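The values are calculated or read from the model by the stated rules, or taken from the named source; none is laboratory data. Being a predicted model, the structure only gives us computed values, none of them experimental. A quick note on method: Cβ atoms are made from the backbone with ideal geometry, for glycine too, and the neighbour counts reach across all protein chains shown.
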Amino acid sequence: MSYFKALGLGKEPFSTSPDPEFFYHSTSHETALKRLEIAIRLRRGLSIILGDVGTGKTTLLRTLLQTFKDEGDFLFHMVLDPSYKSEFQFLSSLVKMFDIMPVFKSTLDFKEALERYLFQKGVEENKTIVLLIDEGQKITLENLEVLRMFLNYETNEYKLLQLVVMGQVEMLPRIKRVRNFMDRVALKYTINPLDEIETKKMIEFRLRQAGYSRKNNLFTDEAIDQVYQHTQGYPRKIAMLCHDALETIAMKDVSVVDAEIIKGLR
């Protein structure tokens with residue numbers, strides 16, 4: 001029997017996979033999500049979300065997709081790894097992603113085809129095209145110039161491409177090196193780690209989502225304090241530590257994670 005079933009859980013509560021079902025809406029994450037939704041609906045163009053490793057940026061992107069899942073007027077595309085080595089490679093990947101079929105021979109062909117596609121979808125069909133880019137710190141300066149070009153495609157009222165870039169904080173100085181790029185930023189927001197109260201709420205939320213309904217708490221308050229001290233509120237670290245803690249009590253055949261168990265895992 002898997003450890004989570006032995007503990008009264010229906011599924012794994014502390015997976016590090018970017019599952020929107022287990023996305024805890026902290027104050028910072030909820031603010032980022034709502035502001036992104038507004039920027040996309042208003043077709044404002046470029047949104048940049050920054051955050052350290054493990055703050056939940058990828059899960060935030062997946063949750064954003066879920067927000068629009070039943071709305072056919074929004075066309076979403078996602079780039080999980082933007083470390084393309086050349087402009088040609090990047091543009092080639094985008095035309096395939098957008099399902100643009102003609103044969104192309106040059107970067108100019110790609111750019112013209114993408115501009116036509118954005119105009120057709122965004123103006124003639126009144127669709128909102130959204131490109132989500134994760135791991136934005138991997139984008140080369142050359143391809144940042146490509147993204148800047150996309151932001152030039154607009155009507156009098158709105159941008160033809162809604163661009164959301166998620167990246168580590170180190171991305172910001174690189175973006176500032178691209179001329180006029182920052183001038184096009186409609187939204188810039190930094191996701192912060194959770195505080196101690198939110199750490200407790202995240203743990204409780206994930207346990208509920210996983211089907212835990214017993215009266216006793218699986219984590220003592222002292223254990224949660226130790227979790228926070230060790231992780232400093234980074235969601236990925238919280239999930240990993242809590243997963244190890246539940247495995248430990250399952251193997252030891254005890255029913256509660258206390259402070260000593262967390263200390264033993266640190």
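Residue-level check: of (1) among the hydrophobic types (A, V, I, L, M, F, W, C); (2) assigned to a loop (DSSP other than H, G, I, E, B); (3) modelled with pLDDT of 95 or more, VAL178 misses just (3). Of the numbered criteria (1) more than 22 Å from SER17 (Cβ to Cβ); (2) in contact with a helix residue (DSSP H, G or I) (Cβ under 8 Å, 6 or more places away or on another chain); (3) not assigned by TED's automatic domain parsing to the domain that holds GLY136, the one GLN229 fails is (2). Cβ-Cβ contacts under 8 Å between residues 6 or more apart (or on different chains), taken from a first residue in the stretch 201-214 that is free of Cβ contacts under 8 Å to residues at least 40 places away in the same chain to a second residue that is part of a helix (DSSP H, G or I) and not charged (D, E, K, R), are listed as ILE203/ILE224; ILE203/VAL227; ILE203/ILE238; ILE203/CYS242.
For the residues LEU91, LEU46, the requirement of being touching a residue at least 60 places away in the same chain (Cβ under 8 Å) and of a type outside the set (Lys, Arg) singles out LEU46. Determine whether LEU194 is closer than 23 Å to ARG35 by Cβ, part of a loop (DSSP other than H, G, I, E, B) and either modelled with pLDDT of 95 or more or touching a Cys at 6+ places or on another chain (Cβ under 6 Å) (or both). The answer is yes for LEU194.
The residue that is surrounded by the fewest Cβ atoms within 10 Å (Cβ to Cβ), counting only those in the stretch 1-52 that are of a type in the set (Val, Ile, Thr) and either farther than 22 Å from LEU144 by Cα or out of contact with any strand residue (DSSP E or B) (no Cβ under 9 Å at 6 or more places or on another chain) (or both), is THR27.
Could you tell me whether the stretch 85-92 includes any residue that is outside any strand (DSSP E or B) and basic (Lys, Arg)? Scanning the stretch 85-92 turns up at least one residue that is outside any strand (DSSP E or B) and basic (Lys, Arg).
Residues checked against (1) surrounded by fewer than 19 Cβ atoms within 10 Å (Cβ to Cβ); (2) in contact with a Leu (Cβ under 8 Å, 6 or more places away or on another chain); (3) not assigned by TED's automatic domain parsing to the domain that holds LEU163:
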| position | (1), (2), (3) |
| --- | --- |
| SER93 | yes, no, no |
| ILE100 | yes, yes, no |
| LEU108 | yes, no, no |
| ARG116 | yes, no, no |
| GLN120 | yes, no, no |
| LYS127 | yes, yes, no |
| LEU131 | no, yes, no |
| GLU135 | yes, yes, no |
| LEU147 | no, yes, no |
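Considering only residues of the stretch 172-208 that are farther than 27 Å from PHE22 by Cα and hydrophobic (A, V, I, L, M, F, W, C), which is surrounded by the fewest Cβ atoms within 10 Å (Cβ to Cβ)? Per the criteria, the residue is MET182.
The set of residues in the stretch 206-238 being over 30 Å from GLU170 (Cβ atoms) and either of a type in the set (Ser, Thr, Tyr) or touching a Phe, Trp or Tyr at 6+ places or on another chain (Cβ under 9 Å) (or both) consists of LEU207, GLN209, ALA210, GLY211, TYR212, SER213, LEU218, THR220.
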